[in-house]
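Before any comments, here is the structure.
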């Protein structure tokens, strides 16, 4: 009888492991008789599970009361030891294998915030770090342990320096400097054994003491990383691993708060002392959102390997893959929730790998599978608010299109510096992409090695971030009741309520109350986007019929009513004149046939609004098409 074969996905499902692990075992020859059919492995259906596979962590633990319960989600936990032993852990340990195999000197991984960077770095530290504790127990049931003895030999062999800048959110250089000094001091205090080392001289120990008691001068602090590497190498007679988490958090905050130059100078010197041509360095790893290359921040690091979200390599190690999310849903018995998880938290593309936001997925399961914009509830969205406030007409139009599910095109440059964000729209979209607010939907071409990409908002969660920042930007005028009345008055064609609502808006927004020019229209449109964009395509100043309307709301559902708003302004009018001005707006919609575009798209129920402004007074006229 001819042998029967099965595919990788079928075997992975049967054994409850990832397809990536099955492919790896095929390539390493663990399945006799397996062969490749094109790009896909075919495996004998009677293949037995090899002993090299670790036993999958039990799906339940026993509580002290004797009841069985599922492992908890690691919400906000960045300790690898705690997560791997006490929580549901998505195994990313093969990153260690790739780091060892690639043998690069300095790695920089740029990923959006809350994509597992800190937990992953703590996993790397726990594996390599030399401690009194036997830390191999945290890896014996992980994928790295079954990768081979040559990798297990690296475990627990190196002194490790770990520095995190995640808390560097201070608003002045003086306070920021104190925070950076504290982070460096913490790295020194983690190696208190150096003070009693017989391999260090008194000068070294005095330097250590100055850092530890916060009496060191600025020069000592800036070159402290290199000094600590040197002292650890001599003490342990072993090269040192340096790990720096969220290296660019102080850079972003300094840009927002006016001390950018000072922070750049400080960090440039710090990194140069510890990572540049350092013979005592085994390797270094840094994470952040951006690669700040144009500031010569990494000057001289000719062995720096930068891995961004556009690269295929290492793509699966930050964030959750489709397979990992499916396995997690199966573990918690909520497979039926996968479509909802996908619409809210999927949509990212790292290289060619589809990636979910791990922070949000974990919080989703922890929240009894009720979707919320968990990512927007964390800090770090200040840049979106600033981009919205500084938006020129071109950027404004693109942002309104993105919020409504459309795409924009941009030349993507990952070598971004923060001062450029006020200028070129391509730089703005590049930042939004690497920071996790946009995704690549397609690559069109390339200019000077920079790809020209189509971009879109990845999911419901990120759309809500934009909507929230719009509301924050207009918080003084877009109150909850005002937006509610605004939406109801438009949807129902209530002339009196819309008049009252616009009147309140004008009175509360002193900068625009006496005009109906572009800035006012932008504010109205942004308000609509914040509350109505789930049901309508909202556009402004677009051609239709024989002219350009001011604002149009085209319903997603063609059976619903569409709306057109035309603003008119004239100073010094009495009530009768203002009413006539609003009527003139209606007449302009009819005469220039602004409804043509919607009718072409199959919208036949259309409400027309003529809105007149004179100083602080408003008049609204409504007509059904």
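Please work out how much length the chain gains when fully extended from residue 534 to residue 407, using 0.36 nm per residue of separation minus the C-alpha to C-alpha distance, in nm with one decimal. Show your work: numbers first, answer last.
Details: separation 127, 0.36 × 127 = 45.72 nm, distance 1.60 nm.
The span from residue 534 to residue 407 would gain 44.1 nm if fully extended.
Measure nothing but the geometry: give the 0 to 90° angle between the long axis through the Cα atoms of 425-434 and the longest principal axis through the Cα atoms of the chain, rounded to 10°.
So the helix axis and the longest Cα principal axis differ by about 50 degrees.
If each residue's Cβ is checked for other Cβ atoms within 10 Å, how do 496, 623 rank with the fewest at the top?
Values: 496 10, 623 17.
Ranked by crowding around the Cβ, least crowded first: 496, 623.
Relative contact order for region 80-307: what is it in percent, counting Cα pairs under 8 Å that are at least 6 residues apart? Don't skip to the answer; put the middle values down first.
Values: 344 pairs, mean separation 68.5, N = 228.
Once divided by the residue count of region 80-307, the mean separation gives 30 percent.
Describe numerically, in nm with one decimal, the distance between label points set 7 Å from Cα along Cα→Cβ at residue 322 and at residue 210.
My value for the distance between the label points is 5.7 nm.
Return the distance in nm (one decimal) between the two label points of a simple spin-label model at residue 557 and residue 27, each offset 7 Å from Cα along Cα→Cβ.
If labels sit at residue 557 and residue 27, their model points lie 5.0 nm apart.
Taking neighbour counts of Cβ atoms within 10 Å as a proxy for exposure, in what order, fewest first, do 100, 285 appear? Working shown, then result.
Working: 100 17, 285 22.
Ordered by Cβ neighbours within 10 Å, fewest first: 100, 285.
Using R₀ = 56 Å, calculate the FRET efficiency as 1/(1 + (r/R₀)^6) where r is the Cβ-Cβ separation of residue 238 and residue 604; round to 0.05. Could the numbers behind the result be given before it?
Numbers: r = 77 Å, r/R0 = 1.38.
Computed FRET efficiency for residue 238 and residue 604 comes out at 0.15.
Taking the Cβ-Cβ separation of residue 500 and residue 85 as r and a Förster radius of 60 Å, what is the calculated FRET efficiency to the nearest 0.05?
After rounding, the FRET efficiency stands at 0.50.
If you take the square roots of the eigenvalues of the alpha-carbon gyration tensor of region 80-307 and sort them as a ≥ b ≥ c, do you get rounded (a/c under 1.5), prolate (a/b over b/c) or oblate?
oblate
Place a point 7 Å from the Cα of residue 303 along the Cα-to-Cβ direction; which residues of region 226-245 have their backbone N under 14 Å from it?
239-242
Pull out the extension gain between residue 312 and residue 454, defined as 0.36 nm times the separation in residues minus the alpha carbon to alpha carbon distance; nm, one decimal. Show your work: numbers first, answer last.
Values: separation 142, 0.36 × 142 = 51.12 nm, distance 1.81 nm.
Fully extending the segment from residue 312 to residue 454 adds 49.3 nm.
Explain nothing, just the number: relative contact order of region 5-44, from Cα pairs under 8 Å at least 6 residues apart, as a whole percent.
Numbers: 39 pairs, mean separation 19.2, N = 40.
In percent, rounded to a whole number, it is 48.
By per-residue mean of other Cβ atoms within 10 Å, what is the highest-first order of 452-462, 596-606?
Values: 452-462: 20.8, 596-606: 15.4.
So the order, starting with the most tightly packed, is 452-462, 596-606.
Please give the length that would be gained between residue 590 and residue 484 if that part of the chain were fully extended, namely 0.36 nm times their separation in residues minus their C-alpha to C-alpha distance (nm, one decimal).
Extending this stretch completely gives an extra 35.3 nm.
Hey, rough spin-label estimate for residue 137 and residue 446, points 7 angstrom out along Cα→Cβ, what's it come to in nanometres?
About 5.0 nm separates the two model spin labels.
Calculated from the structure, Rg/Rh (Cα atoms, Kirkwood Rh) equals which of (i) 1.10; (ii) 0.97; (iii) 1.05?
Recomputing Rg/Rh (Cα atoms, Kirkwood Rh) here picks out (iii).
Just to confirm the number: angle between the C-alpha axis of helix 224-236 and the first principal axis of the chain, 0 to 90 degrees, nearest 10?
30
Where both partners of a DSSP beta bridge lie in the chain, what percent of those bridges are antiparallel, to the nearest 5?
Approximately 60 percent, going by the DSSP bridge assignments.
Please give the FRET efficiency for residue 343 paired with residue 193, using the beta carbon to beta carbon distance and R0 = 60 Å, rounded to the nearest 0.05.
Values: r = 51 Å, r/R0 = 0.86.
Efficiency computed from Cβ-Cβ geometry: 0.70.
Using the alpha-carbon atoms, what tilt in degrees (0 to 90, nearest 10) does helix 260-275 show relative to the longest principal axis of the chain?
20
Of 141, 426, 574, how do they rank once you tally other Cβ atoms within 10 Å and put the fewest first? Walk me through the numbers on the way to the answer.
Values: 141 14, 426 17, 574 10.
By the 10 Å Cβ count, ascending: 574, 141, 426.
Taking 8 Å as the Cα distance limit and 6 or more residues as the minimum spacing, I'd like the relative contact order of the chain as a percentage.
Working: 1057 pairs, mean separation 61.0, N = 625.
About 10 percent, as a whole number.
Just so you know, all these numbers are worked out from the coordinates, no wet-lab data involved. All figures in this text were calculated on a predicted structure; none of them were measured in a lab. FYI the Cβ positions are ideal-geometry reconstructions off the backbone, even for glycines, and counts take in every protein chain you see.
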